[in-house]
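See below for the structure under consideration.
The values are calculated or read from the model by the stated rules, or taken from the named source; none is laboratory data. Not measured: the values here are computed from a predicted model. So basically every Cβ, Gly included, is an ideal-geometry build from the backbone, and we count neighbours across all protein chains shown.
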């Protein structure tokens, strides 16, 4: 009887048989329980990871960079003067190519330039210098207004001021001594009143700030020292202004 039943079962439609391990499998086909078993394993592993507090995604990395403005005396903008009469135009500050990078610059051994990618200016350096100079010039007793470029067409100017930065950086000597260095070329040009035409260059000089000792690692002090140098440059320009004619 068992043989007849087996022959009838085998000669009919494909069915299921109990495997030796107790799992149902398709006769002549693939196991149905294997995918379910794998999926169950993945779900259990996922729940276990969540329960133990494991991170599935990598933790976000913080940016190690620090950003600075021109500090020191430059951070304390003086009050504008009220009794001045001179109207100045401040032309865009010029920088050498190697300073047109927001990373701080430290000169090594005279000619080697090393950028500090983790210590950067918070604004373009030419704009920072112009901001400090304008504040210092507005505080000069002889000055009534300072116009940044582009200049208004309906406002006459007595003088235009051009500043070309030559150095604005740190320096390490072969002996390991660290200082900050700042230098700039200044030109003061007499303008032709409402017409805006340049008449003559009345002053051209190079300003060099005294070297300031720096420990080589405190970059907040580095930014403050250079800010003081730019403030001193503004004072130099203010005292160099001739009277309007």
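Could you please give the count of residues in the range 148-164 that are in contact with a strand residue (DSSP E or B) (Cβ under 8 Å, 6 or more places away or on another chain) and surrounded by fewer than 20 Cβ atoms within 10 Å (Cβ to Cβ)? Explain how you work it out, then say what you get.
Kept after step one, since they are in contact with a strand residue (DSSP E or B) (Cβ under 8 Å, 6 or more places away or on another chain), are these residues of the range 148-164: 148-149, 151, 155-164.
The next check asks that each one be surrounded by fewer than 20 Cβ atoms within 10 Å (Cβ to Cβ); those that pass are 148-149, 151, 155-156, 162, 164.
Within the range 148-164, residues that are in contact with a strand residue (DSSP E or B) (Cβ under 8 Å, 6 or more places away or on another chain) and surrounded by fewer than 20 Cβ atoms within 10 Å (Cβ to Cβ) number 7.
When you scan the range 150-163, do you find a residue that is in contact (Cβ under 8 Å) with a residue 12 or more places away in the chain, under 23 Å from residue 212 (Cα atoms) and assigned by TED's automatic domain parsing to the domain that holds residue 76, even just one?
yes
Would you confirm whether or not the range 207-217 contains a residue that is within 30 Å of residue 152 (Cβ to Cβ) and in a strand (DSSP E or B)? Give the steps one after another, and end with the answer.
Going residue by residue through the range 207-217, those that are within 30 Å of residue 152 (Cβ to Cβ) are 207.
Of the ones still in play, those that are also in a strand (DSSP E or B) are 207.
Yes, because at least one residue in the range 207-217 is within 30 Å of residue 152 (Cβ to Cβ) and in a strand (DSSP E or B).
So which of 120, 114, 134 is in a helix (DSSP H, G or I) and either in contact with a strand residue (DSSP E or B) (Cβ under 6 Å, 6 or more places away or on another chain) or surrounded by 15 or more Cβ atoms within 10 Å (Cβ to Cβ) (or both)? Can you show your working first?
Details: 120 fails: in a helix (DSSP H, G or I); 114 fails: in a helix (DSSP H, G or I).
After ruling out the rest, the residue left standing is 134.
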